[in-house]
2 protein chains.
Amino acid sequence: MSKILPSIDEYIPHLAYDSVIFGFNGEQLKILILEYHNTGLFALPGGFVKRNENLDDAVQRGLKERTGLDKIYLEQFHTFGDISRPNPAVMRTILEANDHKVEEGNWLLDRFISVAYYALINYNNVEPKPDELSDSINWYAIDKLPPLMMDHGKIVEKALETLRNNLEKKLVGMNLLPSKFTMKELQLVYEAVLGEKLRRTTFQRKILGLDILKRHEKLFTGGAHKAPYLYSFKNKEPIEHY
Amino acid sequence: MSKILPSIDEYIPHLAYDSVIFGFNGEQLKILILEYHNTGLFALPGGFVKRNENLDDAVQRGLKERTGLDKIYLEQFHTFGDISRPNPAVMRTILEANDHKVEEGNWLLDRFISVAYYALINYNNVEPKPDELSDSINWYAIDKLPPLMMDHGKIVEKALETLRNNLEKKLVGMNLLPSKFTMKELQLVYEAVLGEKLRRTTFQRKILGLDILKRHEKLFTGGAHKAPYLYSFKNKEPIEHY
DNA sequence: TATTATTGTCTCATTTTGTTACAATAATAC
DNA sequence: GTATTATTGTAACAAAATGAGACAATAATA
C-alpha cells in the first residue's frame with residue numbers, strides 16, 4: 001500500500017502550489033476537490049515544484065496528471081505565505097493514514113508557502129484522477145463545498161474573487177465551454193461566475209459588440225422554437241462537430 | 001568592510017521577495033532602484049523571508065528598513081518562478097564585489113522563487129537607505145529606468161500593468177499623496193499612472209461621484225487665480241496642516 | 001395550419017460620459 | 001480701488017452606453 005513519498009532531493013523545500021480548477025456543467029460552476037484516505041479531510045489539488053522545473057510547468061504537470069488535460073488556461077492569482085497556514089498535524093494525519101512512517105523533521109511537515117492558480121476547463125473533457133494519497137477527487141458546486149483543510153477555503157474565496165474581477169479580460173482565454181457554443185450557454189457561464197442573473201438582450205448586444213465571436217451554423221436541438229446560432233471565439237480554432 | 005551574509009539557518013531557502021516601490025513627485029511616477037557596489041548592477045529592493053515570519057511581514061520589514069515607513073499599502077501581484085530567472089553569476093559578482101568569499105553551493109547562489117509586491121508611498125516622507133550590499137538607492141522615473149539585472153525589468157512591467165488595471169479599486173489605499181490634496185494633484189497621479197491626459201471636468205465629476213472624498217478648506221498658493229479646495233479620503237484621518 | 005418556446009434585433013427610456021461654456025475667485029498690474 | 005490673468009467649480013447640452021420592453025422570425029409539436 002505504502003507508496004514512496006516525494007523526496008526532498010527532487011523538490012524545492014517549503015514551496016508548494018494549490019490549484020482551484022473551475023468547471024461548468026451547463027448551469028453551475030464547480031471545483032475539483034480531493035478527499036484523503038481515511039481522514040475525512042478535503043483539499044485542493046496541489047503539489048510540489050521540482051528543482052529544475054518552472055513553477056508554471058509544475059502546475060501544468062499536476063493538472064495533467066489529475067485531469068488528463070494539456071495546455072490549460074492557468075492563472076496565478078496569489079501566493080499564500082503566512083506562518084499559521086501549514087499545519088503539520090494535518091499533514092501527519094494524511095501521511096499516516098496512508099501507512100507512511102513519518103520521522104520527526106520530515107520536510108513535508110515543514111512550513112510551506114503556496115502559490116495558488118486557477119484553471120478554467122471544460123467539465124466534459126475531464127476524467128478526474130485522484131493522486132496517491134487521496135481516495136477520491138470530485139466536482140463540487142461552489143456553493144456546496146465541503147469544509148476544506150487548512151486555508152484552502154480562503155484560497156477558493158480569493159480565486160473566485162479574482163475570476164469575477166477579471167471575467168471580461170479573461171473571456172477569450174476561457175475554456176469552460178466547448179469550442180462552439182450558443183449565446184445562451186455563454187450567458188449561463190457569466191451568470192454562474194458572477195452569481196447573478198443577466199438580461200438577455202443587453203448581454204447579447206454587449207458580447208457581440210466586443211467583436212470577439214465568430215458566428216457559425218445554427219444548432220437544432222429539437223426544441224419547439226427558433227434555433228440559436230453557434231459561436232466560437234475568433235482567436236481559437238473551433239473544432240468541427242458540436 | 002565585509003559584513004555578515006544572511007544565513008541559511010535564519011531564512012527560508014529558495015524564496016525571496018522583490019518590491020516595486022512607487023512614489024510620486026508631483027508630476028512623474030518614480031520607482032526606487034538599488035545600485036550594487038562596484039558592479040554597475042541595478043536591482044529592485046528585495047530580501048528574504050525568515051523561517052518564523054509571515055511573507056507579508058517580511059516585505060513590510062524590508063520596506064521599513066529601506067524607507068523608514070511603517071504600515072504601508074502593499075500589494076502582492078505575482079510570483080516569479082522560472083528556472084531561468086536567477087543568475088548565480090550575477091549574485092556571485094555582487095557578493096564578491098563586497099569582499100565576501102562565496103563557497104560553491106552557498107544557498108544565495110541557488111535558484112530563487114520571488115514573490116513580487118508593489119507599494120504606493122508618499123515620495124516626500126521618504127529617506128531612502130541603501131542596504132549592506134548596495135552603495136545607493138535612488139528614485140527613477142518609470143520611463144527612464146536603468147537596465148535592471150535578471151528579470152527585474154519584467155517585474156516592473158508587470159507591476160505597472162497591475163497598478164493600471166487596479167487603479168480605481170486601489171484609489172482609497174493610495175499613499176502617493178499627502179493626506180490632504182487638491183483635485184488637480186489627484187488627477188496628476190492618475191495621469192502619471194495611466195500614462196495619458198485626462199479631461200478635467202469629467203475627472204472631477206467622476207471622482208466626486210464616487211463619494212470617497214471629504215472636502216476641507218481652500219488652499220491658497222499665492223497664484224493669481226481661484227483657490228482649489230483640499231480633499232482627503234473619507235476612510236483616512238487627514239493630518240492637519242498641509 | 002395554429003400553437004408554443006426561444007432567439008435575434010429594433011426601439012425608446014435612462015444613465016453615464018464627453019465637451020463646452022461660464023461664473024467665481026485670488027493674486028497682480030495699473 | 002479697478003481691470004487683468006489664470007485656474008477652479010459647476011452647469012448645460014451632446015454623444016455614447018446601458019436598461020427595458022416589444023416584436024417578428026423561426027423550429028418543433030398538436
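The values are calculated or read from the model by the stated rules, or taken from the named source; none is laboratory data. Owing to the predicted nature of the structure, the values given are computational and were not obtained by experimental measurement. Because the Cβ atoms are built from the backbone with ideal geometry, glycine has one as well, and the counts that use them run over all protein chains shown. Ligands, DNA and RNA are excluded from the accessible area calculation, which covers all protein heavy atoms including side chains. Shrake-Rupley method; radii C 1.70, N 1.55, O 1.52, S 1.80 Å.
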Restrict the check to the range A:66-75 and report whether at least one residue is open to solvent by less than 40 Å² (accessible area, probe 1.4 Å) and assigned to a helix (DSSP H, G or I). yes
Those residues that are touching a helix residue (DSSP H, G or I) at 6+ places or on another chain (Cβ under 8 Å), of a type in the set (A, V, I, L, M) and either within 27 Å of B:Phe42 (Cα to Cα) or open to solvent by 30 Å² or more (accessible area, probe 1.4 Å) (or both), I need them from the range B:161-176; list them, please. B:Leu163, B:Met174, B:Leu176
With respect to B:Gln60, is the statement that it is open to solvent by 20 Å² or more (accessible area, probe 1.4 Å), touching a Leu at 6+ places or on another chain (Cβ under 7 Å) and within 14 Å of another protein chain (Cβ to nearest Cβ) true? yes
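Per-residue answers, yes or no, for (1) more than 9 Å from every other protein chain (Cβ to nearest Cβ); (2) of a type in the set (Ser, Thr, Tyr); (3) farther than 17 Å from A:Thr162 by Cβ:
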| site | (1), (2), (3) |
| --- | --- |
| A:Glu27 | yes, no, yes |
| A:Phe42 | yes, no, yes |
| A:Val49 | no, no, yes |
| A:Asp70 | yes, no, yes |
| A:Leu74 | yes, no, no |
| A:Ile83 | no, no, yes |
Taking the range A:122-158 and keeping residues surrounded by fewer than 15 Cβ atoms within 10 Å (Cβ to Cβ), under 16 Å from the mean Cα position of the chain (by Cα) and among the charged types (D, E, K, R) leaves A:Glu127, A:Lys129, A:Asp143, A:Lys144, A:Glu157
Report yes if B:Leu145 is modelled with pLDDT of 90 or more, assigned to a helix (DSSP H, G or I) and in contact with a strand residue (DSSP E or B) (Cβ under 9 Å, 6 or more places away or on another chain), otherwise no. no
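Looking at A:Leu34, A:Leu29 in this structure, which one is under 24 Å from A:Arg111 (Cβ atoms) and assigned by TED's automatic domain parsing to the domain that holds A:His152? Working first, answer last.
Details: A:Leu29 fails: under 24 Å from A:Arg111 (Cβ atoms).
The match here is A:Leu34.
How many residues are assigned to a loop (DSSP other than H, G, I, E, B) and either of a type in the set (Asp, Glu) or surrounded by 13 or more Cβ atoms within 10 Å (Cβ to Cβ) (or both) if we restrict to the range B:201-239? Please lay out each step first, then the result.
The first filter runs over the range B:201-239 and keeps only residues assigned to a loop (DSSP other than H, G, I, E, B), leaving B:211-212, B:219-228, B:234-239.
With either of a type in the set (Asp, Glu) or surrounded by 13 or more Cβ atoms within 10 Å (Cβ to Cβ) (or both) added as a condition, the list becomes B:211-212, B:219, B:227-228, B:236-238.
The number of residues fulfilling the criteria is 8.
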Of the residues in the range B:164-177 that are in contact with a Phe, Trp or Tyr (Cβ under 6 Å, 6 or more places away or on another chain) and assigned to a helix (DSSP H, G or I), the one that is farthest from B:Ile212 (Cα to Cα) is B:Gly173
Output the number of the condition that B:Leu194 fails; it satisfies all remaining conditions of (1) more than 29 Å from B:Glu35 (Cα to Cα); (2) within 14 Å of DNA strand C (Cβ to nearest atom). (1)
